[in-house]
Amino acid sequence: MEITHVYAKLRSEFGRQCLFSDRPEEVMVDIHPEPSLASQFILKTRKDQGLQACRDMSEHQVNTERFESNSCGMNHVEGGWPKDINPKDVEQTIRFRKKVEKEENYINCLQHLGSVMEHCIKQNNAIDIYQQYFEEDEELEESSELPSAKTINILRDPNEVKRTITSLSWHPDGGRKLAAAYCNLGFQKNPKDMSLDSYIWEIGGSYGRFNHRGMVLWWDVRKLSEPTERLVLDPGREGNLDRALGAISLEFEPTMPTKFMVGTEQGLVVSCNRKAKTAAEKIVCTYDGHHGPIYALQRNPFFPKNFLTVGDWTARIWSEDIKESSIMWTKYQMSYLMDACWSPVRPSVFFTVKMEGVLDIWDILFKQSDPSLSVKVSDKALYSLRVQDNGQLVACGSQNGEATLLEICSGLSTLQKNEKSLAAAMFERETKREKILEARQREIRLKERSRSEQSREDEAGREDGEDNLEQLIARAENDFYSLVEAEMRRRERREETPQENDVCDEREVQNGVENGKTGDETGNTDLS
């Protein structure tokens with residue numbers, strides 16, 4: 001949505017000139033949280049993203065040894081005859097053969113060469129050097145054609161007030177018809193002369209008569225007055241509309257009629273099961289990986305277990321088995337990505353459009369860091385994208401209501417040899433890698449939890465030890481005071497009647513010890 005600012009005052013009436021300078025921080029206002037609004041907030045997983053302002057580069061030098069080569073040649077005469085022998089003279093050649101055959105080295109040379117020749121003949125019989133191996137797995141020849149795309153036609157909104165194309169769809173009759181949904185995103189600035197007509201492609205427009213905030217609605221074309229079924233996208237599975245997630249995009253695969261997925265404004269993908277018995281069971285799980293709204297969501301037509309999402313500045317490829325993170329993703333782009341879709345003929349190719357009016361075509365088997373082809377389609381922002389069933393025509397919808405048709409090269413619209421197996425192996429490898437990382441993170445969390453529980457047990461043990469120490473101190477004090485009192489009573493009686501109380505002294509001391517024990521038991525009872 002375009003945001004505009006209108007200033008009703010002159011610049012001279014705004015106030016004092018802004019002077020910027022370095023100074024310590026200063027708290028201007030401190031707004032405290034409102035406890036009554038806490039129930040309406042939705043918890044979002046915190047994400048950390050590392051950024052680098054410049055690319056990492058390195059420089060090194062290599063010195064190699066110089067290779068010295070010598071040029072040499074050889075003069076060869078047909079037949080290997082000496083210079084003084086004319087090969088065309090029969091008598092000279094016969095005379096030379098007889099001379100050579102009588103030499104002693106002739107027989108030795110024939111015996112040596114015979115064993116070498118026999119080895120070569122046996123080798124040729126064992127291995128056919130002209131046999132063509134691996135005919136079925138022949139490597140695909142790289143095409144000399146560079147990735148390209150050309151504009152075929154532009155379908156403009158015929159009305160004076162231009163509206164944004166928010167959705168595109170090809171008719172399943174072979175791609176001869178294209179449906180486009182128009183909408184004015186400036187909701188508060190709808191002019192009176194704006195066209196409200198719908199063309200041959202759309203029934204009801206992009207916005208229905210019912211409020212879709214936080215809900216998925218089922219419709220029957222035979223009765224469009226109200227939906228047949230509703231599902232509130234509450235992540236707590238309680239059906240609370242106040243905490244419902246805003247739905248932006250929807251994915252429904254006809255081969256999986258009971259499953260569908262919803263992209264939300266909060267960056268979550270909600271996986272749902274329509275045939276569940278209760279509303280809480282219909283929300284199966286969520287996938288969290290985007291910082292902003294998910295504008296596009298589509299399953300791979302060849303591997304439905306893997307799906308593509310577009311949100312904020314990235315496109316991500318997911319696996320249904322991994323909930324924590326996507327298995328592949330593009331680097332952050334300079335502008336928002338608004339739509340994306342898979343190629344219907346190549347499992348490793350997908351398309352994205354951006355706010356800066358650029359169409360990117362990605363081939364993950366060829367390159368993952370950058371798109372294979374980027375085309376500047378329009379000066380306006382691109383909001384929608386769809387590919388024809390044969391994979392050759394691409395339609396892009398812009399902000400000013402233009403639908404641009406582009407024809408891409410055969411290299412990007414033709415299924416390559418072994419592409420399905422290679423793409424399947426890549427998705428499986430990346431899924432296993434994420435599973436290993438997820439298991440490692442789970443193990444780390446368990447260790448931290450056990451470590452925290454152990455620390456709490458140690459603290460409780462120390463507190464119990466402190467209580468036992470206090471009890472021991474109280475018992476020692478009681479024993480001490482009991483002995484002191486008994487000794488004082490014994491001395492007082494000895495001073496009064498020293499001779500008669502000799503025997504009583506020992507009894508008093510013994511009684512004092514026993515009283516001390518009794519007092520100790522009483523003291524312990526009072527402490528406890």
Assuming Gly461 fulfils every condition listed in (1) open to solvent by less than 70 Å² (accessible area, probe 1.4 Å); (2) at pLDDT below 85; (3) in a loop (DSSP other than H, G, I, E, B) apart from one, which condition is it?
(3)
Being part of a loop (DSSP other than H, G, I, E, B) and more than 17 Å from the chain's Cα centre (by Cα) is the filter; apply it to segment 254-272 and report the residue that is nearest to Thr286 (Cα to Cα).
Glu265
Would you check if there is a residue in segment 278-297 being modelled with pLDDT under 90, among the aliphatic types (A, V, I, L, M) and not in a strand (DSSP E or B)?
yes
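Regarding segment 23-38, can at least one residue be identified that is open to solvent by less than 100 Å² (accessible area, probe 1.4 Å) and within 30 Å of Leu337 (Cβ to Cβ)? If you could, list the steps in order and put the result at the bottom.
From segment 23-38, those open to solvent by less than 100 Å² (accessible area, probe 1.4 Å) are 36-38; that's our starting set.
Next cut, within 30 Å of Leu337 (Cβ to Cβ) only: none.
So far as segment 23-38 goes, no, none of its residues is open to solvent by less than 100 Å² (accessible area, probe 1.4 Å) and within 30 Å of Leu337 (Cβ to Cβ).
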When you scan segment 1-22, how many residues do you find that are open to solvent by 100 Å² or more (accessible area, probe 1.4 Å) and part of a loop (DSSP other than H, G, I, E, B)?
15
Are there any pairs with C-beta distances below 6 angstrom linking a residue in segment 372-391 that is closer than 20 Å to Leu297 by Cβ to a residue that is of a type in the set (Asp, Glu), with the two at least 6 apart or on different chains, and if so which?
Ser384/Asp339; Leu385/Asp339
Could you tell me whether any residue of segment 427-444 is more than 18 Å from Trp329 (Cα to Cα), open to solvent by less than 90 Å² (accessible area, probe 1.4 Å), of a type in the set (Val, Ile, Thr) and not in a helix (DSSP H, G or I)?
no
Evaluate segment 472-485: report whether one residue or more is touching a residue at least 12 places away in the same chain (Cβ under 8 Å) and on the phi > 0 side of the Ramachandran plot.
no
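May I ask you to say which residue of Asp234, Asp157 is modelled with pLDDT of 80 or more and either assigned to a loop (DSSP other than H, G, I, E, B) or open to solvent by 60 Å² or more (accessible area, probe 1.4 Å) (or both)? Spell out how you get there, then give the answer.
Values: Asp157 fails: modelled with pLDDT of 80 or more.
After ruling out the rest, the residue left standing is Asp234.
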Just for segment 326-335: of the residues that are touching a Lys or Arg at 6+ places or on another chain (Cβ under 7 Å) and surrounded by fewer than 18 Cβ atoms within 10 Å (Cβ to Cβ), which one is farthest from Ala425 (Cα to Cα)?
Ser335
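Mind listing whichever residues of segment 412-425 are within 25 Å of the chain's Cα centre (by Cα) and crowded, with 19+ Cβ neighbours inside 10 Å?
Listed by number, the residues that qualify are Leu412, Glu419, Ala423.
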Among the residues of segment 209-225 satisfying the criterion of being assigned to a loop (DSSP other than H, G, I, E, B) and aromatic (Phe, Trp, Tyr), which is modelled with the highest pLDDT?
Trp219
Does Gln123 satisfy being in a helix (DSSP H, G or I), modelled with pLDDT under 80 and surrounded by 10 or more Cβ atoms within 10 Å (Cβ to Cβ)?
yes
Yes or no: segment 269-280 includes at least one residue that is under 27 Å from Asp389 (Cα atoms), open to solvent by 50 Å² or more (accessible area, probe 1.4 Å) and of a type outside the set (Val, Ile, Thr).
no
Give the residue that is most open to solvent (accessible area, probe 1.4 Å), with candidates limited to residues of segment 281-325 that are hydroxyl-bearing (Ser, Thr, Tyr) and touching a residue at least 60 places away in the same chain (Cβ under 8 Å).
Ser325
Select from segment 46-77 the residues that are open to solvent by 90 Å² or more (accessible area, probe 1.4 Å) and under 30 Å from Leu245 (Cα atoms) and list them in ascending order.
Arg46, Asp48, Gln49, Leu51
Of everything in segment 349-378 that's touching a strand residue (DSSP E or B) at 6+ places or on another chain (Cβ under 9 Å), in a loop (DSSP other than H, G, I, E, B) and among the charged types (D, E, K, R), which residue is least open to solvent (accessible area, probe 1.4 Å)?
Asp370
Cβ-Cβ under 7 Å pairs, at least 6 apart or on other chains, segment 436-456 side within 25 Å of Asp321 (Cα to Cα), far side open to solvent by less than 90 Å² (accessible area, probe 1.4 Å):
Glu438/Ile322
Quick test of your reading of the structure: Glu495 fulfils all but one of (1) at pLDDT below 80; (2) within 27 Å of Cys341 (Cβ to Cβ); (3) acidic (Asp, Glu). Name the failing condition by number.
(2)
In the set Ile317, Ile327, Ile283, Ile322, the lone residue that is out of contact with any Pro (no Cβ under 6 Å at 6 or more places or on another chain) and within 21 Å of Ser413 (Cβ to Cβ) is Ile317
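Within segment 397-409, which residues are closer than 20 Å to Val310 by Cα and either surrounded by fewer than 23 Cβ atoms within 10 Å (Cβ to Cβ) or within 26 Å of the chain's Cα centre (by Cα) (or both)? Full working, then the answer.
From segment 397-409, those closer than 20 Å to Val310 by Cα are 397-399; that's our starting set.
Result: Gln399, single match.
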Check Ala340 against each of (1) within 13 Å of Thr314 (Cα to Cα); (2) open to solvent by 10 Å² or more (accessible area, probe 1.4 Å) and name the one condition it does not meet.
(2)
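Would you be able to say whether some residue in segment 327-346 is of a type in the set (Asp, Glu), free of Cβ contacts under 8 Å to residues at least 40 places away in the same chain, touching a Leu at 6+ places or on another chain (Cβ under 9 Å) and part of a strand (DSSP E or B)?
The initial filter retains those residues of segment 327-346 that are of a type in the set (Asp, Glu), namely 339.
So of that shortlist, the ones also free of Cβ contacts under 8 Å to residues at least 40 places away in the same chain come out as none.
The answer is no; no qualifying residue exists.
The values are calculated or read from the model by the stated rules, or taken from the named source; none is laboratory data. Just so we're clear, the structure is a prediction, and the values are computed from it rather than from any experiment. Counting neighbours? That spans all protein chains shown, and the Cβs are built from the backbone with ideal geometry, glycine included. For the accessible areas, the whole protein counts, side chains as well, though only heavy atoms, and no ligand, DNA or RNA atoms are used. Shrake-Rupley method; radii C 1.70, N 1.55, O 1.52, S 1.80 Å.
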